[in-house]
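The values are calculated or read from the model by the stated rules, or taken from the named source; none is laboratory data. The structure presented is a predicted model; accordingly, all values stated were derived computationally and were not measured. Positions of Cβ are backbone-derived with ideal geometry, glycine not excepted, and every protein chain shown enters the neighbour counts.
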């Protein structure tokens, strides 16, 4: 088994961070946590497990956070127990190569995506599921950090992985691999928008024009054609694509955001000092796909009284945050993580399955989102391109995994 791993070591993390101050190559050096390793193919550890051969896997923002060891050791998630070895890659599409005797709903040759990490109640085979797993939001499993009998092996950045079959979903033949690697990001976008669904004539702001941002714009437009979407982008090429996907208005991060929001929403702008501005009025809903201190502080001030900010972006650092709009303007601040089961058209459906339906129907278009492909051995260049939005104009960068001789 050839697979990419992060060996979690405090000494390696500290050394990588120190070296990266003067040398960006430190993230790929022998002293870093990252390596592309070759292990003997392990046997299936239990009869309800399968072996999946990968064909393609997208690079996610969370993969880049891990690559860059971009996390503080005093944030809440780090307090939970974690694996010493992390297998990278979760936006994968592959084919079942081996199935245990107890696997019922899958067989060898089925194309599948993985919709979970394999640590939740259902994957563990627990008779009594926690509340989150019982309702379908398995990402919030209360038992996910407990010790488990069998560890997951392999990830999307490799030729194969072993997993409980209960975390897999069938992929229709009509969806190409290039679409299938975007099922997970689309499921995340569907969950994020479902946290506060748009209403007719509402003004919605999407902060961040990466893969999730572009998918959120499409989901908003599909869920509520009569809402008005504005997108905040870093580069003009991102703004152009946001408009193509359904945004009515765009502005750039280098512009005066307070002035632009006031113009777009007819809010009243107050600026007694250059470093302290406030709006009365603003957007009905703001989805912060970036999630850094600047974007989240602005989101809270750019959203009208009784409006809602949905925090989608991942930031594994403590923030200096002005939360006064939460009580002074009663702005609702809620989070969205991963995927979920939602009610849509009178049916309860996982956002993974809904994402596949919307891709097949054309509600979610993915043709322009996959911008770069690399073989697995070129992972250093792939990561560099994924990080370089300005020059590479990268959106989704993916690994194409092929067997030798093919």
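Of all residues in the stretch 68-77, those being at pLDDT below 90 and either surrounded by 12 or more Cβ atoms within 10 Å (Cβ to Cβ) or not assigned by TED's automatic domain parsing to the domain that holds residue 383 (or both) number 2.
Looking only at the stretch 169-193, residues that are part of a strand (DSSP E or B) and either in contact with a helix residue (DSSP H, G or I) (Cβ under 8 Å, 6 or more places away or on another chain) or buried (at least 21 other Cβ atoms within 10 Å of the Cβ) (or both) come to 1 in all.
Results for (1) in a loop (DSSP other than H, G, I, E, B); (2) in the same structural domain as residue 57 (by TED's automatic domain parsing), shown as yes or no for each residue.
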{"residue": "321", "(1), (2)": "yes, no"}
{"residue": "343", "(1), (2)": "no, no"}
{"residue": "348", "(1), (2)": "no, no"}
{"residue": "355", "(1), (2)": "no, no"}
{"residue": "358", "(1), (2)": "no, no"}
{"residue": "380", "(1), (2)": "no, yes"}
{"residue": "384", "(1), (2)": "no, yes"}
{"residue": "390", "(1), (2)": "no, yes"}
{"residue": "394", "(1), (2)": "yes, yes"}
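Residue 243 fulfils the conditions (1) over 30 Å from residue 71 (Cα atoms); (2) touching a helix residue (DSSP H, G or I) at 6+ places or on another chain (Cβ under 8 Å); (3) without any contact (Cβ under 8 Å) to a residue 24 or more places away in the chain except for a single criterion, (2). Here the strands (runs of 3 or more DSSP E) wholly within the stretch 194-313 that include at least 3 residues being within 27 Å of the chain's Cα centre (by Cα) and either surrounded by fewer than 22 Cβ atoms within 10 Å (Cβ to Cβ) or modelled with pLDDT of 95 or more (or both) are 203-207, 228-233, 249-252, 283-288, 303-311.
Scan 108, 112 and give me the residue that is at pLDDT 95 or above, surrounded by 19 or more Cβ atoms within 10 Å (Cβ to Cβ) and in contact with a strand residue (DSSP E or B) (Cβ under 9 Å, 6 or more places away or on another chain). Walk me through it before giving the result.
Values: 108 fails: surrounded by 19 or more Cβ atoms within 10 Å (Cβ to Cβ).
Step by step, each of 108, 112 is checked, and only 112 is at pLDDT 95 or above, surrounded by 19 or more Cβ atoms within 10 Å (Cβ to Cβ) and in contact with a strand residue (DSSP E or B) (Cβ under 9 Å, 6 or more places away or on another chain).
Is it true that some residue in the stretch 144-165 is modelled with pLDDT of 95 or more, assigned to a helix (DSSP H, G or I) and assigned by TED's automatic domain parsing to the domain that holds residue 41? There is at least one residue in the stretch 144-165 that is modelled with pLDDT of 95 or more, assigned to a helix (DSSP H, G or I) and assigned by TED's automatic domain parsing to the domain that holds residue 41. Here residue 133 fulfils each of the conditions (1) farther than 17 Å from residue 335 by Cβ; (2) in a helix (DSSP H, G or I); (3) in contact with a strand residue (DSSP E or B) (Cβ under 9 Å, 6 or more places away or on another chain) apart from (3).
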